[in-house]
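The values are calculated or read from the model by the stated rules, or taken from the named source; none is laboratory data. All values reported here derive from a predicted model rather than from experimental measurement. Neighbour counts run over all protein chains shown; Cβ positions are idealised from the backbone, glycine included.
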Amino acid sequence: MDTLVHNSVHVVLALTLPPLLLGLIAKTKALFAGRKGPPLLQWYFDLIRLFQKGSVFSQTTTWVFRAGPVVGLVTAAMAILLIPMVNGIAPLSFTGDLIFLAYILGLGRFFTALAALDTGSSFEGMGAAREVTFACLAEPAFILGLMVLAKLSGSLKLATMLDGSLATHWSSSGASLVLVLLSWFIILLAENSRIPFDDPNTHLELTMIHEVMVLDHSGPALGMILYGAALKLFVFAALIVRLALPVNMGDPWLDWPLFIGGTLLVAMLVGVVESVMARLRLTHVPVLLIAACLLSAFGAILLVR
Amino acid sequence: MLLFLLAIATLLLGGGAAYLYRSSAKAATWVGAGTAVLGSVFGLVSAFQALAHGGTDGLRLAWSIPLGSFYIEIDPLTAFFMVPLFVLAPLAALYGGNYLYAYKEKKSLGPPWFLYNLLIAAIAMVFVARNGILFLMAWEIMALSAYFLVCFEHEKESVRKAGWAYLVASHIAFALLIVAFVLLGRGAGTLDFDQFPNAFSSRSIGWATGNTIWILAIIGFGLKAGFVPLHVWLPEAHPAAPSHVSAVMSGILIKTGLYGLLRLLTFDRTPAPWVGLTLAGLGLLTAFLGIAMALQQRDIKRVLAYSSIENMGLIAFSMGLGLWGMAQRLPEVALLGMTGALLHIWNHALMKGLLFLSAGSILHGTGTKDMERLGGLLRLMPFTGSTMILGSVALAALPPLNGFVSKWLMYMSLMKYSMATETAGSLMAHFGVGLLALIGGLSVVTFVRLTGIVLLGAPRDKTVTHVHESSKWMTGPMQLLALLCLVIAVIPQRTAGLFGGVLQQMIGWEGMHSSPEWEWPSASLEIAGAINAWTLLAVLTLAAVLWVRTRRFVGPQASTWGCGYVRPTVRMQYTGRSFVEMIAEHLLPRFLRPRTRREAPRGLFPAGKADFESQSPDPVDQKVYAPFFCYWADRFSRLRILQQGKVHVYLLYIMFTVVLALAWASIRTWFWGVS
């Protein structure tokens with residue numbers, strides 16, 4: 001019964017909270033710019049509106065174009081089920097799920113990129129090429145970071161890797177974990193196409209990766225893409241919160257609010273980064289991603305020695 | 001055993017009959033393809049019987065060849081390799097019947113069908129042979145029949161060159177294997193395989209000889225399997241062959257190299273630890289180089305050939321990890337690694353078979369395999385395109401398909417190893433995981449590019465006309481292979497459940513089979529199957545919901561938004577080359593980068609022509625083999641006087657050699673009394 005309640009809270013939270021993070025990022029950025037900014041719930045309004053619209057499909061496209069948003073959303077949703085939010089439990093948890101997490105996100109990327117290529121637009125081809133290219137570097141960094149946690153916890157289950165015992169490892173191997181945390185934050189920015197990798201607020205050539213891939217999607221399809229992107233941001237934010245605040249108070253009334261507060265904090269942090277930084281030149285993006293790989297690798301070296 | 005002999009007889013007789021009917025394309029096709037299917041069905045039944053029952057079944061006949069005996073046996077390892085052979089071969093034959101028929105005006109179809117059936121029979125004989133001479137004979141027949149099949153379109157110079165590269169590589173491997181078998185035979189006193197394990201365990205094959213045999217085997221069998229740096233023949237030969245032959249070559253033929261290594265492992269149950277480490281390291285190197293080259297190719301069959309190199313690397317890596325786990329007494333690592341390797345052998349046979357057949361269907365339907373001229377084929381060839389996308393997801397090792405399951409086992413094995421050890425070993429394993437992730441990322445790039453450029457968007461070249469979907473005879477086998485991929489993806493535990501006997505042959509030490517870890521992979525395979533099924537179900541459900549929801553809203557069809565530009569053309573689409581520009585020119589190590597030559601337009605009002613050229617030659621071929629062989633070809637040209645081009649002169653050489661060898665033997669007996 002307890003697990004059932006826990007899993008229900010997990011699923012409900014996972015499905016409802018993500019758009020709020022995006023709203024919070026926008027609000028933080030507006031605050032920094034001295035504007036009032038859109039309401040916090042703007043993304044919910046946008047999504048509801050999009051799901052009520054019709055879609056226009058290009059004549060060039062095939063079923064792949066329609067499969068892209070579906071697969072993108074499903075994979076992000078499956079990924080969320082793997083992430084423990086409190087107390088080392090996740091609705092979907094098995095030995096080796098860390099690899100499944102990385103690869104299910106890869107599946108989403110595969111179809112998002114194919115859907116972009118399906119339009120035959122040079123812009124979207126460009127976005128697809130960049131998305132899969134940067135993922136080549138982001139994936140090793142992410143998995144290397146997970147390996148550090150696996151080695152520390154002696155388990156290949158995300159839920160066990162990120163449970164309360166991580167707190168004790170912070171005192172013994174804090175340096176490794178700080179490096180992984182830094183690396184993952186870079187990965188969060190890269191995978192979710194945030195500044196300094198990409199600017200989600202502009203269109204066309206200024207936005208070079210994610211937004212350019214979804215230029216031709218409209219209506220519910222676009223809604224699914226945006227929702228999927230929000231879920232993906234939530235996946236990474238949740239991982240970072242569990243890594244940075246692996247506390248387990250034993251009382252769900254404290255644990256859940258703490259977790260939610262943590263994710264909101266991560267969103268604000270993203271907003272701050274977006275406010276104080278400019279987008280990197282495209283040729284410098286791989287350098288930052290390689291730096292993320294190296295951070296994770298050094299984390300492993302410090303741990304193993 | 002009787003069924004197996006029946007299978008071989010059917011294949012050989014059918015092949016011969018197809019040759020006799022060569023004057024009629026129709027008769028040769030029906031007889032050749034029909035007997036290939038029939039023989040394979042017999043073979044498949046016998047293989048499944050052996051896998052399910054786990055026992056061995058042998059047959060030994062006297063044979064007049066010195067040291068030779070007609071000794072064949074079906075044990076779990078043999079049956080394990082025969083299953084993908086007899087699954088892929090008939091499907092490729094059905095497909096090939098239609099595929100080759102297009103050449104009926106130009107060529108006689110009797111010889112290719114004779115050779116195809118001979119090839120299948122020879123591969124099967126390689127798997128069952130239990131005598132050195134018999135094995136080597138089957139090996140050579142296999143290599144030669146594949147050579148003639150590669151040279152099917154011998155009027156093209158590129159095909160002749162590819163065949164030549166294949167022939168040379170095969171014979172270097174053959175020479176090394178002869179030496180390996182001589183060493184084995186000298187230690188055991190016979191060339192029958194059943195005596196070899198004793199020779200290893202009784203130390204009559206000592207430490208030095210044993211290691212020499214392993215080195216020779218890794219090079220000899222590695223040449224067949226396409227391990228880097230011995231891979232250069234593979235991306236030439238596989239694309240040159242007719243597509244159904246490419247499928248068999250990439251799906252099964254190169255795996256005879258892996259079979260050889262695993263067979264040697266049944267002789268020497270405890271190889272030196274370096275064997276495992278070497279295979280694992282060589283495998284990772286092979287996988288990385290293979291995929292890094294695959295993503296640069298513009299010939300779709302070359303992409304697939306390089307991807308085969310990558311996958312052979314992954315299998316070798318996983319095998320090596322299994323051996324290393326055995327050497328270190330880590331049952332989980334050993335089991336996961338070996339199971340991953342075995343499952344990937346089956347998976348790769350299905351996936352690569354499927355993709356080569358799709359590529360052949362595209363070549364058949366459009367007349368080109370140059371991806372920069374293709375595009376938008378999914379609309380024109382819906383069946384080929386859809387199965388090709390499915391195969392690409394599988395080959396990119398993504399869930400929910402079978403490629404993910406075996407790759408997942410590899411990751412798990414490496415991670416378990418990292419967690420079980422400290423310091424250097426753990427760190428190496430850590431970085432191995434990072435490299436595997438990088439290889440995974442690059443394979444996603446490769447297959448997004450392959451399917452995205454070829455199947456999606458708009459056709460890039462208006463001269464590619466008359467595009468048509470292939471007939472049911474060609475799409476049917478592809479759909480069946482796709483279905484098999486799905487089946488393995490959903491019930492991998494059942495599939496790997498058949499491997500129990502093979503695993504016992506490969507891995508084992510005292511008390512191993514009673515240890516609690518023995519059962520371990522089956523549980524995680526069950527999870528992998530379930531998670532794949534759930535993912536599939538989730539995608540299908542959401543797609544159905546969306547379809548129902550948006551059916552009423554099917555909006556107006558419009559052209560792709562050109563970002564305000566009103567006259568976009570198909571030539572403005574991203575090409576295969578531009579898709580990997582950043583990886584190929586900035587991220588890959590320098591020696592893997594393509595060679596480019598560009599002449600940019602100059603001045604404010606450029607009038608002259610601009611030019612861009614990019615080539616991705618194989619770095620190992622360019623930097624190592626080409627200079628080496630050119631140097632020696634130059635030196636050896638002085639020996640041309642010996643090469644008369646007359647058969648009787650060559651017979652004379654052979655006679656001289658035999659006389660000299662006999663003389664040497666009698667002199668040895670005479671002087672030193674050794675016989």
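All but one of (1) within 21 Å of B:A458 (Cα to Cα); (2) more than 27 Å from the chain's Cα centre (by Cα) hold for B:A607; state the number of the condition that does not hold.
Only one criterion in (1) within 21 Å of B:A458 (Cα to Cα); (2) more than 27 Å from the chain's Cα centre (by Cα) is unmet by B:A607, namely (1).
With respect to A:T28, determine if the residue is farther than 30 Å from A:A159 by Cα, modelled with pLDDT under 90 and buried (at least 20 other Cβ atoms within 10 Å of the Cβ).
Taking the combined requirement at face value, the residue does not satisfy it.
Is it the case that some residue within segment A:119-128 is surrounded by 24 or more Cβ atoms within 10 Å (Cβ to Cβ) and free of Cβ contacts under 8 Å to residues at least 12 places away in the same chain?
So far as segment A:119-128 goes, yes, one or more of its residues are surrounded by 24 or more Cβ atoms within 10 Å (Cβ to Cβ) and free of Cβ contacts under 8 Å to residues at least 12 places away in the same chain.
Let me confirm something: among A:L114, A:L101, which residue is in a helix (DSSP H, G or I), within 8 Å of chain B (Cβ to nearest Cβ), at pLDDT 95 or above and within 23 Å of A:M224 (Cα to Cα)?
A:L114
Of the conditions (1) of a type in the set (D, E, K, R); (2) more than 8 Å from chain A (Cβ to nearest Cβ); (3) free of Cβ contacts under 8 Å to residues at least 24 places away in the same chain, B:R460 satisfies every one except a single condition; which number is it?
(3)
Starting from segment B:343-370, take each residue that is touching a residue at least 24 places away in the same chain (Cβ under 8 Å) and among the aromatic types (F, W, Y) and list its partners that are assigned to a helix (DSSP H, G or I) and surrounded by fewer than 24 Cβ atoms within 10 Å (Cβ to Cβ), counting only C-beta distances under 6 angstrom and pairs at least six apart or across chains.
If the second residue must be assigned to a helix (DSSP H, G or I) and surrounded by fewer than 24 Cβ atoms within 10 Å (Cβ to Cβ), the pairs left are B:W346/B:P84.
Restricting to segment A:234-283, what's the tally of residues that are charged (D, E, K, R) and either under 15 Å from the mean Cα position of the chain (by Cα) or crowded, with 16+ Cβ neighbours inside 10 Å (or both)?
Total satisfying the criteria: 4.
Does B:R571 satisfy the condition of being surrounded by fewer than 18 Cβ atoms within 10 Å (Cβ to Cβ) and not in a helix (DSSP H, G or I)?
Answer is no for this residue.
Which of the residues belonging to segment B:213-233 are outside any loop (DSSP other than H, G, I, E, B) and of a type outside the set (F, W, Y)?
Scanning segment B:213-233 gives B:I213, B:I215, B:L216, B:A217, B:I218, B:I219, B:G220, B:G222, B:L223, B:K224, B:A225.
Scanning for something free of Cβ contacts under 8 Å to residues at least 40 places away in the same chain and assigned to a helix (DSSP H, G or I), does segment B:284-291 turn up at least one residue?
no
Which of the residues that make up segment A:46-81 are more than 20 Å from B:S386 (Cβ to Cβ) and in contact with a Leu (Cβ under 9 Å, 6 or more places away or on another chain)? Working first, answer last.
Step one: list which residues in segment A:46-81 are more than 20 Å from B:S386 (Cβ to Cβ), which gives A:46-56, A:73, A:76-81.
Listed by number, the residues that qualify are A:D46, A:L47, A:L50, A:K53, A:S55, A:L73, A:A76, A:A77, A:M78, A:A79, A:I80, A:L81.
Can you name every residue in segment A:142-166 that is at the interface with chain B (Cβ under 8 Å from one of its Cβ atoms) and under 19 Å from B:L398 (Cβ atoms)?
Passing the criteria: A:F142, A:I143.
Considering only segment A:32-60, state which residues are facing chain B (nearest Cβ under 8 Å) and of a type in the set (V, I, T).
Within segment A:32-60, A:V56, A:T60 meet the criteria.
Working carefully through the options B:G403, B:G441, B:G452, find the one that is out of contact with any Pro (no Cβ under 6 Å at 6 or more places or on another chain), farther than 26 Å from B:L342 by Cβ and within 13 Å of chain A (Cβ to nearest Cβ).
B:G452
Condition test on A:G106, is it at pLDDT 95 or above and at the interface with chain B (Cβ under 7 Å from one of its Cβ atoms)?
Working: at pLDDT 95 or above: yes; at the interface with chain B (Cβ under 7 Å from one of its Cβ atoms): yes.
The answer is yes for A:G106.
Which members of segment B:92-111 meet the condition of being in a helix (DSSP H, G or I) and touching a Leu at 6+ places or on another chain (Cβ under 6 Å)?
B:Y95, B:L100
If B:F42 satisfies all but one of (1) among the aromatic types (F, W, Y); (2) closer than 23 Å to B:A138 by Cβ; (3) touching a residue at least 40 places away in the same chain (Cβ under 8 Å), what's the number of the condition it fails?
Here B:F42 meets the rest and fails (3).
Working only within segment A:214-249, note down all residues that are within 14 Å of chain B (Cβ to nearest Cβ), under 16 Å from A:A113 (Cα atoms) and part of a helix (DSSP H, G or I).
Scanning segment A:214-249 gives A:A221, A:L222, A:M224, A:I225, A:G228.
Looking at the structure I just gave you, is A:L82 at pLDDT 90 or above, within 17 Å of the chain's Cα centre (by Cα) and more than 10 Å from every other protein chain (Cβ to nearest Cβ)?
Here the answer is no, as A:L82 does not meet what is asked.
State whether one or more residues within segment B:227-239 are hydrophobic (A, V, I, L, M, F, W, C) and closer than 26 Å to B:L94 by Cβ.
Checked against the condition, which is being hydrophobic (A, V, I, L, M, F, W, C) and closer than 26 Å to B:L94 by Cβ, segment B:227-239 yields at least one hit.
Since A:G120 meets every condition but one in (1) more than 8 Å from chain B (Cβ to nearest Cβ); (2) modelled with pLDDT under 95, which condition does it not meet?
Checking A:G120 against (1) more than 8 Å from chain B (Cβ to nearest Cβ); (2) modelled with pLDDT under 95, the one that fails is (1).
Here's the yes/no breakdown for (1) among the polar types (S, T, N, Q); (2) crowded, with 16+ Cβ neighbours inside 10 Å:
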| position | (1), (2) |
| --- | --- |
| B:W164 | no, yes |
| B:S170 | yes, yes |
| B:R186 | no, no |
| B:G189 | no, no |
| B:F193 | no, yes |
| B:S201 | yes, no |
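Answer with yes or no whether B:A543 is in a helix (DSSP H, G or I), at pLDDT below 90, of a type in the set (G, A, S) and outside the structural domain of B:L409 (by TED's automatic domain parsing).
yes
Please find, among B:L536, B:L546, B:L525, the residue that is without any contact (Cβ under 8 Å) to a residue 60 or more places away in the chain, surrounded by 15 or more Cβ atoms within 10 Å (Cβ to Cβ) and touching a helix residue (DSSP H, G or I) at 6+ places or on another chain (Cβ under 8 Å). Can you show your working first?
Details: B:L536 fails: without any contact (Cβ under 8 Å) to a residue 60 or more places away in the chain; B:L525 fails: without any contact (Cβ under 8 Å) to a residue 60 or more places away in the chain.
Going through B:L536, B:L546, B:L525 in turn, just one is without any contact (Cβ under 8 Å) to a residue 60 or more places away in the chain, surrounded by 15 or more Cβ atoms within 10 Å (Cβ to Cβ) and touching a helix residue (DSSP H, G or I) at 6+ places or on another chain (Cβ under 8 Å): B:L546.
For A:E139, which of the numbered conditions (1) more than 8 Å from chain B (Cβ to nearest Cβ); (2) surrounded by 24 or more Cβ atoms within 10 Å (Cβ to Cβ) fails to hold?
The failed condition is (1).
Answer yes or no: is there a residue in segment B:361-375 that is within 9 Å of chain A (Cβ to nearest Cβ), buried (at least 24 other Cβ atoms within 10 Å of the Cβ) and in contact with a Gly (Cβ under 9 Å, 6 or more places away or on another chain).
Within segment B:361-375, one or more residues are within 9 Å of chain A (Cβ to nearest Cβ), buried (at least 24 other Cβ atoms within 10 Å of the Cβ) and in contact with a Gly (Cβ under 9 Å, 6 or more places away or on another chain).
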